Amino acid sequence: MVEAGIAEGVIGRGVERGLLDVKIHDLRDFTTDRHRSVDDVPYGGGPGMVMKPEPLLKAVEHVRSTRGAADAVVLLTPQGKPFTQVEAERLGRLGHVVLLCGRYEGMDERVHELVATEELSIGDYVLSGGELAALVVVDAVSRLVPGVVGDEQSVAEDSFSRGLLDYPHYTRPAEFREWKVPDVLVSGHHGEIRKWRKRQALELTLLRRPDLLADAELDVEEQEILRELMEAKKGVAHGRD
């Protein structure tokens, strides 16, 4: 599953160019029994299986001995801190990150205590395993490595890069099934286009993710636009009253 994910697209190109170094380790290679077991029944009873500590610890020790000490050993778990763009940027500044993928009911707690430096969650929902979560983290972090994405300005202006949702995008044709591209975008007036995009990004964020605005990095123009939007929103609310 993971091999397929890192072989294509942005990550695949980054690996091919030598900009990314991604290594996958099969936990069953670090087992000692003939069944290559990585899980066992939980102490105290209950449903499901729990991942054993030995294969996970041995895998991390193997990584340390063959690839050097990691700057972070991240457990991908529903109990972790939310993985955001800020977290992606933080991990992107590190030289070596190990991602541990759980399955079943989770990992033996001693893995958390003995080798993990932190825990991250990609969302409040349940997956069959941490492999997909690991691919999400790898993709988000890889995009921030210089040269991996061809257009670095595109990365800088992505959604969440400054704490805002992205503005709407349009391409040819100018009219499609009676829906036209906003006039400002074909006006050639770059100042008005910039202002329109800022306003759209702020409107969408205010409507769909107002929680992001508390930590958003806004310039003076954006602060003024946001004040206008907030006043308009208050006016609508008073009108309903």
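Throughout, read-outs are computed from the coordinates displayed, never taken from laboratory work. As the structure is a prediction and not an experimental result, all values here were calculated from the model. Heads up, the Cβs are rebuilt from the backbone with ideal geometry, glycines too, and the neighbour counts pull from every protein chain shown.
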Self-check item: Dipole magnitude of the range 12-108 about its Cα centre (Cβ charges: Lys, Arg +1; Asp, Glu -1), debye to nearest 20
Solution: 280 debye
Self-check item: Calculated FRET value between His169 and Glu217, using beta carbons and R₀ = 25 Å, to 0.05
Solution: 0.75
Exercise. Starting from the Cα gyration tensor of the range 91-205, take the square roots of the eigenvalues, sort them a ≥ b ≥ c, and report rounded, prolate or oblate (rounded when a/c is under 1.5, otherwise prolate if a/b is larger than b/c, else oblate).
Key: prolate
Quiz item: So what is the relative contact order for the range 28-171, in percent, with contacts set as C-alpha pairs under 8 Å and at least six apart?
Solution: 24 percent
Practice problem: Report relative contact order for the chain in percent, whole number only (criteria: Cα-Cα under 8 Å, sequence separation at least 6). | Solution: 17 percent
Quiz item: Too long at a 29 Å Cα-Cα cut-off: which of Lys195/Lys233; Lys23/Lys81; Lys81/Lys195?
Solution: Lys81/Lys195
Practice problem: Would you work out the charge dipole size for the range 159-241 about its Cα centre, treating the Cβ of every Lys and Arg as +1 and the Cβ of every Asp and Glu as -1, and quote it to the nearest 20 debye? | Solution: 260 debye
Quiz prompt | Unit charges on C-beta of K, R, D, E only; dipole of the chain, Debye | solution = 280 debye
Practice problem: Mind giving me the nanometre distance, one decimal, between the label points for Gln85 and Glu178, set 7 Å out from Cα along Cα→Cβ? | Solution: 3.6 nm
Quiz prompt | P(r) histogram, all alpha-carbon pairs of the range 1-55 included - 5 Å bins from 0, percent | solution = 4, 17, 17, 13, 12, 12, 13, 8, 4, 1
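How high is the relative contact order of the range 62-130, in percent, with contacts defined as C-alpha pairs under 8 Å that are six or more residues apart?
In percent, rounded to a whole number, it is 49.
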Self-check item: Leading residue at positive end of dipole, the range 124-241 (Cβ point charges), from Gly188, Leu132, Leu164
Solution: Gly188
Quiz item: Where in the range 1-18 does the label zone of Ser154 land, with the point 7 angstrom along Cα→C-beta and an amide N cut-off under 15 Å?
Solution: 9-14
Quiz prompt | Extension gain (nm, one decimal) between Asp33 and Glu3, 0.36 nm per residue minus Cα-Cα | solution = 8.2 nm
